[in-house]
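Below is one structure, written out as structure tokens; comments come after it.
The values are calculated or read from the model by the stated rules, or taken from the named source; none is laboratory data. This one's a predicted model, so the numbers in the text were calculated from it and none came from an experiment. Cβ: placed from backbone, ideal geometry, glycine included. Neighbour counts: every protein chain shown. Calculation scope for accessible area: heavy atoms of the full protein, side chains included, ligands and nucleic acids excluded. Shrake-Rupley method; radii C 1.70, N 1.55, O 1.52, S 1.80 Å.
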Amino acid sequence: MERYLAIVKEKTLNFWQKFIIIVSENERRSLMIAASLVIFAILFSASAAFAQKTIRQDQLNELVFDSLKSDHLIPLNYRTVDQKIKETKAISIMFSQPNGTSFDNVMTILDDPNQQTMLNRKFYYYPIVYDSETIAQTYQLDPRQVTFIFFHNGKEKNRFVVEGLKDLNNEFIPELNRLPMWDLKK
């Protein structure tokens, strides 16, 4: 075993010495290759970071937003929630994972034509799929629950959690209508 390690060490040292000789003989070419590799690595890293955001938004569009049937939900793009809250004078947002019993119950109510006529406003929907811990800390919510939050001038003014309602079918729409939301039709 020691003999094998000695042979590997000797071959590695020989390769390294030959590499140094080649680089020394062609310094300019070697520097160009090294600079090209550094530039390529930087461009690849930047494109990967940009692509990740685009890929995540496309996944949300296909898997979550395309399945929304209610006219009262306005999809909020990935990583735009903070900016939208700051830019909009008054905004109501539903934070929720796009699955689970409570989410399915809310979607059933919102998709019901009889319930839709009782709902007098629209609101944004931000699915909690990525960065759930950050969103939970920022907005002090449980990502497993469906939470409606009303913001005025960038500050939270009111909220309610669907799981906190005793009778979802009878309390949800009135509770949603009670939030002091402005009409979002622009």
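Before moving on, here are some points about what is shown:
- With at most 15 other Cβ atoms within 10 Å, longest stretch of the chain clear of loop chymotrypsin sites (Phe, Trp or Tyr not before Pro) (DSSP): 1-129
- Its DSSP H runs of at least 4 residues, each contributing -39,500 (n - 2.57), put the calculated 222 nm mean residue ellipticity of the chain at -18500 deg cm²/dmol, to the nearest 500.
- Loop-resident trypsin sites (Lys or Arg not before Pro) (DSSP state other than H, G, I, E or B) in segment 1-107 with no more than 12 further Cβ atoms inside 10 Å of their Cβ: Lys69, Lys89.
- Pairs from the table (Lys89/Lys155; Lys69/Lys89; Lys89/Lys157; Lys53/Lys86) lying more than 18 angstrom apart at Cα are Lys69/Lys89; Lys53/Lys86.
- Which label in (i) 13.3; (ii) 10.6; (iii) 18.8 gives the computed mean projected area of the Cα convex hull in nm²: (iii)
- Helices of the chain meeting both criteria, an alpha-carbon length of 18 angstrom or more along the long axis and an average Kyte-Doolittle score not below -1.0, with helices taken as full DSSP H segments, are 2-25, 27-63.
- Shape of segment 102-186, Cα gyration tensor, a/c cut at 1.5: oblate
- These residues, Ser92, Ser36, go from largest to smallest accessible area, 1.4 Å probe, as Ser36, Ser92.
- Local net charge near Lys18, Cβ-Cβ under 14 Å (Lys/Arg +1, Asp/Glu -1): -1
- Most positive-pole-ward Cα, Ala34, Ser47, Met1, against dipole of the chain from beta carbon charges: Ala34
- In the chain, a dipole from Cβ-located charges (positive for Lys and Arg, negative for Asp and Glu) runs towards its positive end, and of Val162, Ser96, Met118 it is Ser96 whose Cα lies farthest in that direction.
- Partner lysines for Lys18 [C-alpha distance under 30 Å; skip if fewer than 8 residues away on the same chain]: Lys9
- Accessible area per residue for the chain is 69 Å², calculated with a 1.4 Å probe on protein heavy atoms, without ligands, DNA or RNA.
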